[in-house]
Amino acid sequence: MFDPLLLLLILVSMLAGFFLGNRQRKQHRYRQFHNDSLNGEYFVGLNYLLNEQTDEAIESFIKALEINVDTIDTYIVLGRLFRRRGELDKAIHTHQDLLARPSLTREQSLRVQLELAHDYVKAGLLDRGESLLEDMLKTSWSGSDESVKLILSVYEQEKEWQKAIDIIRLVQKGGGQYNLQLAHYYCELAEVALESNDVLTARKNIRIACARDCVRATLLLGRLECSMKNYRESARVLQRIYQQNPVFISESIPLLEHSFDALWSARGLSVYLEKCLREYPSTAVVLASARLVARQKGDQEAGRFIVEQIVKRPSLKGLSALIDLNIHNSEARPKQNLILLRELTECLLATKPVYRCSYCGFDGKALHWCCPKCHEWGKTEPIMGVEGE
Ligand SMILES: [Zn+2]
C-alpha cells in the first residue's frame, strides 16, 4: 500500500514548486537573494524526499513554501496525518512552525492553534492543551464548537467538573446542545460530595441534574434519600424511572426493595412490580416479584411464578434463580445434578456483559455513564433479553 504521508509530501513539494515559480513570475519586486534562498530550500527538500528522509524533507518544504490561504490546508493535513500515525512530536513541530509565521491571518492562526491543541491533548500534555483552548475560547471564533468539545474532553480527563460546567454556561446560547452532558457533570459533582459526606452539596447538584430529566440523577437522589433513611421519599423518587427511562428500572430495584421493606409496605412494592411486569418486564422485576411471593406464599409458589415468567420471557438469570429455589428442596442425586446445573449457568452468566453502549457497542460488566470507548454520555444501558435483563 502507498504511504499516505509520502503522497502528501509529494503534494507539498509540488505546491512548493508551483508557488515558488508563480511568485518569481509575478513578484518582481522581491529581492533576488530571498528567492534564491527559498529555491535552495525547495531543491534540498526534494533531495531529502528522494532519499526517503521525510523529517528533513518536511523541514525544507515548510521553509520553502509561503504560508497563504492556498497552502495552509496542506500543512494542516500534514500535521493531522502525523497525529493520526502517533508521530506527535512531528505534528506539534509542524503546527508550531506554522503558528510562528507572521503572515497568518487571525482565522488561520486560530485553526492552527486548534490543531496544536489536538496534538497536545493526544500527547497527554493536558495543561498546554487546556491553556491554549481557554485562550481561544475568549475569542468569538466560528470554529469554537470543536474547541468546546476538545476542552470538555480535557476537563473530563482531569475530572474538573466545575470548569466543564462553567465552559458550557459560557458558550451555550439556548438550544441546549450540552444539556445531557451538563446533567452528568452535576451528577459527578454530587458523587464527589457524597464520597466526602457533604450531603448538602450533593443534594444541590442532584436537584440541578434532576431538572434536566437525567435518570442517573434520579437514581442518585433515590440512593441519597435511602441512605438518609427518608424511605418514603426514596420509594417515591425511584418510581419515577418507570416514566423517565424504563430500561433502568432494573437499576432501581434493590433500593426500592430496601425502601419498601423499611416502610413495611410489601403491598406498595407489589403494586409497582405488577405495573412494571405488565408494561416493561425484566428479569430484575421478575426476581424481585418472586422474592415477594416466596416471603408471602413460600418457595414452591415462587418457583411456579418464575417458571410462568421464564416461559413468557426466557432468561439465564431467571433459570439460575429457579435452580437455586429447587436446590433447597431437593436431596441426594437430584440435588447434586442441580448444583452442577447452577454452576453451569453461573459460568455462562460470568462470561456475559451486563451493559452496552447504544452508540458504539462497547459492553462490559460495569455501568459507565460516560462510555470508555466513544466517550458519549448516557448511552450505556442494561442489556435486555435472554442473556441480560
Ligand atoms: Zn460508546
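The values are calculated or read from the model by the stated rules, or taken from the named source; none is laboratory data. The structure presented is a predicted model; accordingly, all values stated were derived computationally and were not measured. Glycine also receives a Cβ, built like all others from the backbone with ideal geometry; neighbour counts cover every protein chain displayed. Keep in mind that these areas ignore ligands, DNA and RNA; they rest on the heavy atoms of the full protein, side chains included. Shrake-Rupley method; radii C 1.70, N 1.55, O 1.52, S 1.80 Å.
Structure summary
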| quantity | calculated |
| --- | --- |
| Qualifying residue in the range 337-358 (condition: in a strand (DSSP E or B) and either away from the ligand (no atom under 16 Å from the Cβ) or of a type in the set (Gly, Ala, Ser) (or both)) | no |
| Candidates 335, 312, 352, 365 - the one that is at pLDDT 90 or above and basic (Lys, Arg) | 365 |
| Which listed residue is charged (D, E, K, R) and touching a Lys or Arg at 6+ places or on another chain (Cβ under 9 Å), from 381, 376, 346 | 381 |
| Where a residue in the range 354-376 is at negative phi and its partner, wherever it lies, is hydroxyl-bearing (Ser, Thr, Tyr) and near the ligand (Cβ under 6 Å from one of its atoms), with Cβ under 8 Å and at least six apart | 371/359; 374/359; 376/359 |
| Positions within the range 324-336 being assigned to a helix (DSSP H, G or I) and either in contact (Cβ under 8 Å) with a residue 40 or more places away in the chain or surrounded by 13 or more Cβ atoms within 10 Å (Cβ to Cβ) (or both), in sequence order | 324, 325, 326, 327, 335 |
| Selection status of residue 118, open to solvent by less than 60 Å² (accessible area, probe 1.4 Å) and touching a residue at least 60 places away in the same chain (Cβ under 8 Å) | no |
| Listing of helices (runs of 4 or more DSSP H) fully contained in the range 160-267 that carry 3 or more residues being among the acidic types (Asp, Glu) | 179-195, 249-262 |
| Scan of the range 361-382 for residues that are surrounded by fewer than 14 Cβ atoms within 10 Å (Cβ to Cβ) and more than 8 Å from the ligand (Cβ to nearest atom), ordered by number | 365, 366 |
| Residues that are farther than 24 Å from residue 380 by Cα and either open to solvent by 50 Å² or more (accessible area, probe 1.4 Å) or under 30 Å from the mean Cα position of the chain (by Cα) (or both), drawn from the range 236-262 | 236, 258, 261 |
| Residue within the range 294-313 that is part of a loop (DSSP other than H, G, I, E, B) and on the phi < 0 side of the Ramachandran plot present | yes |
| Residue that is surrounded by 15 or more Cβ atoms within 10 Å (Cβ to Cβ), away from the ligand (no atom under 16 Å from the Cβ) and modelled with pLDDT under 85, where the choices are 290, 302, 321 | 321 |
